[in-house]
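What follows is a set of notes on a single structure, which appears directly below.
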6 protein chains.
Amino acid sequence: MARPDGRAPNQLRPVTITRNWLRHAEGSALIEFGDTRVLCAATVEDGVPRWRRGTGEGWVTAEYAMLPRSTDTRGPRESVKGKIGGRTHEISRLVGRSLRAVVDFKAMGEHTVTLDCDVLQADGGTRTAAITGAYTALSDAFKHLRKKRNLKNNPLRDSVSAISVGIVQDQARLDLNYLEDSVAQTDMNVVVTGSGDFVEVQGTAEGAPFDRARLDSLLDLAVSGCTELTEHQKKALSG
Amino acid sequence: MARPDGRAPNQLRPVTITRNWLRHAEGSALIEFGDTRVLCAATVEDGVPRWRRGTGEGWVTAEYAMLPRSTDTRGPRESVKGKIGGRTHEISRLVGRSLRAVVDFKAMGEHTVTLDCDVLQADGGTRTAAITGAYTALSDAFKHLRKKRNLKNNPLRDSVSAISVGIVQDQARLDLNYLEDSVAQTDMNVVVTGSGDFVEVQGTAEGAPFDRARLDSLLDLAVSGCTELTEHQKKALSG
Amino acid sequence: MARPDGRAPNQLRPVTITRNWLRHAEGSALIEFGDTRVLCAATVEDGVPRWRRGTGEGWVTAEYAMLPRSTDTRGPRESVKGKIGGRTHEISRLVGRSLRAVVDFKAMGEHTVTLDCDVLQADGGTRTAAITGAYTALSDAFKHLRKKRNLKNNPLRDSVSAISVGIVQDQARLDLNYLEDSVAQTDMNVVVTGSGDFVEVQGTAEGAPFDRARLDSLLDLAVSGCTELTEHQKKALSG
Amino acid sequence: MARPDGRAPNQLRPVTITRNWLRHAEGSALIEFGDTRVLCAATVEDGVPRWRRGTGEGWVTAEYAMLPRSTDTRGPRESVKGKIGGRTHEISRLVGRSLRAVVDFKAMGEHTVTLDCDVLQADGGTRTAAITGAYTALSDAFKHLRKKRNLKNNPLRDSVSAISVGIVQDQARLDLNYLEDSVAQTDMNVVVTGSGDFVEVQGTAEGAPFDRARLDSLLDLAVSGCTELTEHQKKALSG
Amino acid sequence: MARPDGRAPNQLRPVTITRNWLRHAEGSALIEFGDTRVLCAATVEDGVPRWRRGTGEGWVTAEYAMLPRSTDTRGPRESVKGKIGGRTHEISRLVGRSLRAVVDFKAMGEHTVTLDCDVLQADGGTRTAAITGAYTALSDAFKHLRKKRNLKNNPLRDSVSAISVGIVQDQARLDLNYLEDSVAQTDMNVVVTGSGDFVEVQGTAEGAPFDRARLDSLLDLAVSGCTELTEHQKKALSG
Amino acid sequence: MARPDGRAPNQLRPVTITRNWLRHAEGSALIEFGDTRVLCAATVEDGVPRWRRGTGEGWVTAEYAMLPRSTDTRGPRESVKGKIGGRTHEISRLVGRSLRAVVDFKAMGEHTVTLDCDVLQADGGTRTAAITGAYTALSDAFKHLRKKRNLKNNPLRDSVSAISVGIVQDQARLDLNYLEDSVAQTDMNVVVTGSGDFVEVQGTAEGAPFDRARLDSLLDLAVSGCTELTEHQKKALSG
């Protein structure tokens, strides 16, 4: 019943956020959830996609990808295959949506921020690390933008973080690593704002379907995990 | 506060399931949720993908797509663009996962069932109609397979259906049509088995993040909707 | 010597044209030649392709595709393969060309009509059904356009329909179904205007090359078949 | 009423067939119809496509392409665009079909001949020159194959050639050059065997639809043109 | 120790440059280095790529490709594969860079010259023949442009040619054919201006790494070969 | 005349090689040349490409790529564009070729090592850093392979490193950073073995062509730089 790395069921892996890991990006963070390492870079560009022009509002988008040898066995490079897989697409969309939930587009003006989340090493929870790290990169990018364009209001209305939870060996656990993730009966990714509301709830029965009680216990666990992540983000950004 | 088509907040649109709409497919259904029409075809093939060979277990997969003029304005054909968009990928994966949750792969033997869900007309809820209709096509395909291969056990362990719910004008509503979907503050797709357990819960804050009470009311509504859909499936399959 | 479905050599399969099958399209028809079912949708858009801008003339184009399980064995989806096959390209071009032959581009003004012809079920003659059904969808689309843009002249100069003919067991036959098509010695698709002139004649020796007498008998048969189809179109459009 | 290059209406352009223009190919020909120049190369390979294995029969296929600057204005390279256009696909299929019509696949054994027809310079009639030249390359490739594999019977049952005909300024003309082709009211490509039967008849109304009398006069002209081309092929192959 | 075709180590293969081989191109040359035959076509177009607009300077670019049966065994067509291989990309870039080294972009004005180098037959040295032939096509294209646009200054500052050299059986040899190239220990392509300076030096150890003395002897040989090629170019252009 | 970062003309930037930066890869290194950071991962797999099977020899290949925000302005992701650019292809091929030059394929047995070189941050010299870092990753991968497969002989015959040199403001300089690279008149990448022989010499005149004296001075500088890099590699691998 013990977790492979000895953690308590409601315990996160060690979290590290190295701010400004990149020299060129307007905001960046190397985020680590245990052995999972994601490099998040925020790029600020003038202008917005065609369908948004003239609205006075900005846009935030994200691209997620894994380096070929971030995983245990090497995966083929999507650029070489010539197309992006469904999982990549799905996570890129999730990251973008999650960050947009805390952005005030009016306050940004017609600028676009692109968040590149590249998984350098994967050990479960790459999408939740990506969202959590991308928030800090976005926060720095907005600081850069506010100064450069003299924006009056902060385009960030709240912070946002994400964590995975799941049922492993009939036990609800927080922040699954790859080993746990691959045997989980139910797997859920939850995105929560700094003030504790939900942005995204994605639960999947990997094995048997799950009942309402299970769902409730997982949601509780996720909210507590995101509360901790919010503290890590605050600390990193005040550093 | 009234819904655009006059329905009660907890009321489904008219549901029609026309079984065996196609002559060639081993199972098929044209399913309608109001003006949303999805053609679901199940194809049975011998053999399984390479990574599953020799396990004695079968496989179920799905492909979702929209006809270019299923929508209000014509969308470009993905075959002409030469790549599948993220939304298409994401829904195809969701449909496949949802059906696999009720399948006993051992009982299937090494066969593959592919579910093609093609949206002929779209008015919101295309992915939930696709899952609900694909289940009846799959059920017929398994009948065909059991007879042809003389399978002892039924590869279906349960039925499965899906519905969308959302918060519109601060009211929790069942089975959003396109008009409601486009203004919903929160949008959730829920996949539920015939015995009432969850297979998939996907909630997204389109506007403001949502709290636990909202989430709970939406889940209640979804479960009641799926209970009705299960009845529609039973009636269609007993027809 | 009898045909598989008992028809006379010069007899069409039952023809059904269900007008306005789609709610969103400016014109649409579900056309059936026996078990062959093609959904034709006409989309009207402002503007024309770049090379035609400023000419004051409109444009008509078509895209043909088959649903994966329209056929006896499932075909791979072209959007998944990432490229359109030669046959699809060829038929799309044929449908577009056939309809353009009866259009007065000046009368349309700078608008584009795109005809999507999606084969829901295939049993031979899908391209000829597509042309015949697309004409009725186009006719409705032009009605819509004339009213909306107050066009003075009818952009349709004539009607157009198409039928396949072939030599099977040394006998010239009209409107081959899949079974006959697959054993035909010669296969010909003929596109004819309502006034009886040829728009397109495409004859192919599948087995042995054919002589002039054969060619002549097939052309006679095709013209008589298209005369009947013209009546079906008229009836549908007056409905 | 005179043709731009002064030819009689039923007169071919000068035809040149340079056999064995390439050193590596098992058969090759540089064919010229006036300024149209197509390099035809036949490659013999052991084995056949998967769907034909074990039948004891061979296969013949073709690929047609144009060099970017074969035309008056440079066209983009299809390899750079990453996809083959509809016209290229259509002509490749036509060339392959035309040659297969005169081949005895049993006599070939399980070998594949691929005919590459690359247009070096285009001035109308490139597909008909390609078919006519590909026949001589194929003939040499079969000689090579018969000797190498000691085949008893000649895999060629007949010869095949092709020519374009069209109505220009209300006059039926043979072998249109680009200038004539671009203003033709009706355009027809006809593929004829050495013994005078039809392999393929493809007529298209570019402007107004055409009547049966027009069609008949074009077919007569095409057959006479192919009779001449057959002589050119014989001379080249006996050289 | 003798070369397969009996040449002296420092001897070029017979060089032939047939100017204006194409009718449509603004400049063209069919160049032969022994059995290697490359068709070079220069296309002049108004305007420059987006990133260069408004600078008053022109642009020169190149595309290299091989016909499928230019080689001993047929290669798949890159347009059919849907992507360009690394070698093709690399050589296209090399040809473009080599020609740009002798061009005065200011003198060209905002025009683009595209050099298409299509290998009709390959026997080693295709990239060096392409550069050498492309220079003469470019020279004619500039003549055309100067006259048409009344340009004051010649956009060519020098001529440019290229040759391959290599170590075969421990001997430095000039202008390797395919047989020699495939066994060379070191292979070097050198691009040299008419005045004897280097534009590009690309040496690769195919087998064992090479020392400075080897490198020096190869450079000497290459310069002498390019001096001869410069004479061939002059003769062709004065013809 | 001073370099932007104050270095002497023959001085490298600070070099850091962090061995085993990745947990999953059989060999890995994060290499830094100043602000240029490349993550090199070596993957060992059983088997070799099809064309090499049954030879008893191994294979080494490489893939180079840049993260979108490794550069000053964000570049589009090649996986999103759906194709790999020419520069990426070219460098991937260079890295593979350079490492193969020091490998004894017989000693490897039929295994494949793939070197992934992903540029996390770019400031000039990314390809030379990639080769230098890939060597240390390869060295560790071979240690892993020798132990696991009990290989008798070391598959590495020598070490290999690479450096860029160039003429900037008429001065020959070692290890150009991005600023210098973008204004260099001549740019050369040189790959040298630990014993001082050349594996690859690639010199390009960016502006004016260069003479032999320039070439010689650049080669001298490159060899001295690679001698230093060899020491860095030794130190890292003995760590």
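Mind listing whichever residues of the stretch D:28-55 are within 18 Å of the chain's Cα centre (by Cα) and open to solvent by 30 Å² or more (accessible area, probe 1.4 Å)?
Once the filter is applied, which keeps residues that are within 18 Å of the chain's Cα centre (by Cα) and open to solvent by 30 Å² or more (accessible area, probe 1.4 Å), the stretch D:28-55 yields D:Glu32, D:Asp35, D:Arg37.
Tell me whether the stretch D:61-71 contains one or more residues that are within 14 Å of chain C (Cβ to nearest Cβ) and farther than 25 Å from D:Ile17 by Cα.
no
Taking the options A:Arg127, A:Arg146, name whichever one is within 14 Å of chain B (Cβ to nearest Cβ), in a helix (DSSP H, G or I) and either open to solvent by 20 Å² or more (accessible area, probe 1.4 Å) or not hydrophobic (A, V, I, L, M, F, W, C) (or both).
A:Arg127
Given the conditions (1) in contact with a helix residue (DSSP H, G or I) (Cβ under 8 Å, 6 or more places away or on another chain); (2) more than 30 Å from D:Asp104 (Cβ to Cβ), and given that C:Ala129 satisfies all but one, which numbered condition is not satisfied?
C:Ala129 satisfies all of (1) in contact with a helix residue (DSSP H, G or I) (Cβ under 8 Å, 6 or more places away or on another chain); (2) more than 30 Å from D:Asp104 (Cβ to Cβ) except (1).
In the stretch C:9-20, which residues are open to solvent by 40 Å² or more (accessible area, probe 1.4 Å) and not in a strand (DSSP E or B)? Full working, then the answer.
As a first pass, look at the stretch C:9-20 and keep what is open to solvent by 40 Å² or more (accessible area, probe 1.4 Å): C:9-11, C:14, C:16, C:18-20.
Scanning the stretch C:9-20 gives C:Pro9, C:Asn10, C:Gln11, C:Pro14, C:Asn20.
Identify all residues within the stretch C:80-116 that are assigned to a loop (DSSP other than H, G, I, E, B) and touching a strand residue (DSSP E or B) at 6+ places or on another chain (Cβ under 6 Å); write none if there are none.
C:Ala101, C:Val102
Going by the structure shown, is F:Ile167 over 15 Å from the mean Cα position of the chain (by Cα) and aliphatic (A, V, I, L, M)? Outline the logic, then answer.
Values: over 15 Å from the mean Cα position of the chain (by Cα): yes; aliphatic (A, V, I, L, M): yes.
Yes.
Does the stretch D:99-119 contain any residue that is within 20 Å of D:Arg19 (Cα to Cα), open to solvent by 10 Å² or more (accessible area, probe 1.4 Å) and under 10 Å from the mean Cα position of the chain (by Cα)?
Within the stretch D:99-119 (the criterion being within 20 Å of D:Arg19 (Cα to Cα), open to solvent by 10 Å² or more (accessible area, probe 1.4 Å) and under 10 Å from the mean Cα position of the chain (by Cα)), the answer is no, since none of the residues qualifies.
E:Glu45 fails exactly one of the following numbered conditions: (1) under 25 Å from F:Ala205 (Cβ atoms); (2) more than 12 Å from chain F (Cβ to nearest Cβ). What is the number of that condition?
(1)
For the stretch F:179-187, state whether one or more residues are out of contact with any helix residue (DSSP H, G or I) (no Cβ under 8 Å at 6 or more places or on another chain), open to solvent by less than 10 Å² (accessible area, probe 1.4 Å), more than 13 Å from chain E (Cβ to nearest Cβ) and assigned to a helix (DSSP H, G or I).
Yes: one or more hits.
Report, ordered by the first and then the second residue, all pairs with beta carbons closer than 6 Å, sequence separation of six or more or different chains, a first member in the stretch D:1-12 that is farther than 20 Å from D:Cys226 by Cα, and a second member that is open to solvent by 50 Å² or more (accessible area, probe 1.4 Å) and outside any loop (DSSP other than H, G, I, E, B).
D:Pro4/D:Leu179
With (1) outside any strand (DSSP E or B); (2) within 30 Å of D:Ala137 (Cβ to Cβ) as the list, and E:Val119 as the residue in question, which single condition is left unmet?
Just one mismatch for E:Val119, condition (1).
Report yes if some residue within the stretch B:60-79 is touching a His at 6+ places or on another chain (Cβ under 8 Å), part of a strand (DSSP E or B) and in contact (Cβ under 8 Å) with a residue 12 or more places away in the chain; otherwise report no.
No, that holds for no residue.
Is it true that some residue in the stretch E:220-230 is touching a strand residue (DSSP E or B) at 6+ places or on another chain (Cβ under 7 Å), modelled with pLDDT under 95 and not charged (D, E, K, R)?
Checking the stretch E:220-230: not a single residue is touching a strand residue (DSSP E or B) at 6+ places or on another chain (Cβ under 7 Å), modelled with pLDDT under 95 and not charged (D, E, K, R).
May I ask you to verify whether E:Arg23 is over 15 Å from the mean Cα position of the chain (by Cα) and of a type in the set (Lys, Arg)?
When the stated conditions are applied, E:Arg23 passes them.
Suppose we filter the stretch F:149-178 for residues that are among the polar types (S, T, N, Q), under 16 Å from F:Arg3 (Cβ atoms) and buried (at least 24 other Cβ atoms within 10 Å of the Cβ); how many remain?
1
If you scan the stretch D:192-223, which residues turn out to be in contact (Cβ under 8 Å) with a residue 40 or more places away in the chain, in a strand (DSSP E or B), within 17 Å of the chain's Cα centre (by Cα) and under 16 Å from D:Leu176 (Cβ atoms)?
Correct list: D:Gln202 only.
Going through B:Gly58, B:Gly85, B:Gly96 one at a time, which residue ends up being more than 7 Å from every other protein chain (Cβ to nearest Cβ), modelled with pLDDT under 95 and open to solvent by less than 40 Å² (accessible area, probe 1.4 Å)? Step through it out loud before you land on a result.
Numbers: B:Gly58 fails: modelled with pLDDT under 95; B:Gly96 fails: modelled with pLDDT under 95.
Testing whether each residue is more than 7 Å from every other protein chain (Cβ to nearest Cβ), modelled with pLDDT under 95 and open to solvent by less than 40 Å² (accessible area, probe 1.4 Å) leaves just B:Gly85.
Could you give me the residue pairs with C-beta distances under 7 Å whose first residue belongs to the stretch F:134-163 and is closer than 24 Å to F:Val191 by Cβ, whose second residue is of a type in the set (Asp, Glu) and surrounded by fewer than 20 Cβ atoms within 10 Å (Cβ to Cβ) wherever it lies, and which are 6+ apart or on separate chains?
F:Asn153/F:Asp104; F:Pro155/F:Asp104; F:Arg157/F:Asp104
Which residue out of A:Ala122, A:Ala101, A:Ala137 is within 11 Å of another protein chain (Cβ to nearest Cβ) and in contact with a Leu (Cβ under 7 Å, 6 or more places away or on another chain)?
On the way: A:Ala122 fails: in contact with a Leu (Cβ under 7 Å, 6 or more places away or on another chain); A:Ala101 fails: in contact with a Leu (Cβ under 7 Å, 6 or more places away or on another chain).
None of the other options fit; the residue is A:Ala137.
Rundown of residues vs (1) more than 9 Å from every other protein chain (Cβ to nearest Cβ); (2) more than 22 Å from D:Phe105 (Cα to Cα); (3) out of contact with any Phe, Trp or Tyr (no Cβ under 6 Å at 6 or more places or on another chain); (4) open to solvent by 20 Å² or more (accessible area, probe 1.4 Å), yes/no style:
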residue: C:Val190; (1), (2), (3), (4): yes, yes, yes, no
residue: C:Thr193; (1), (2), (3), (4): no, yes, yes, no
residue: C:Gly196; (1), (2), (3), (4): no, yes, yes, yes
residue: C:Val201; (1), (2), (3), (4): no, yes, yes, no
residue: C:Glu206; (1), (2), (3), (4): no, no, yes, yes
residue: C:Arg214; (1), (2), (3), (4): no, yes, yes, yes
residue: C:Leu218; (1), (2), (3), (4): yes, yes, yes, no
residue: C:Leu221; (1), (2), (3), (4): yes, yes, yes, yes
residue: C:Ser224; (1), (2), (3), (4): yes, yes, yes, yes
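Considering (1) open to solvent by 10 Å² or more (accessible area, probe 1.4 Å); (2) touching a Pro at 6+ places or on another chain (Cβ under 7 Å), say which one C:Ala236 fails and leave the rest.
(2)
The values are calculated or read from the model by the stated rules, or taken from the named source; none is laboratory data. As the structure is a prediction and not an experimental result, all values here were calculated from the model. Glycine gets a Cβ as well: all are built from the backbone with ideal geometry, and neighbour counts include every protein chain shown. In case anyone asks, the SASA skips ligands and DNA or RNA and just uses the protein heavy atoms, side chains included. Shrake-Rupley method; radii C 1.70, N 1.55, O 1.52, S 1.80 Å.
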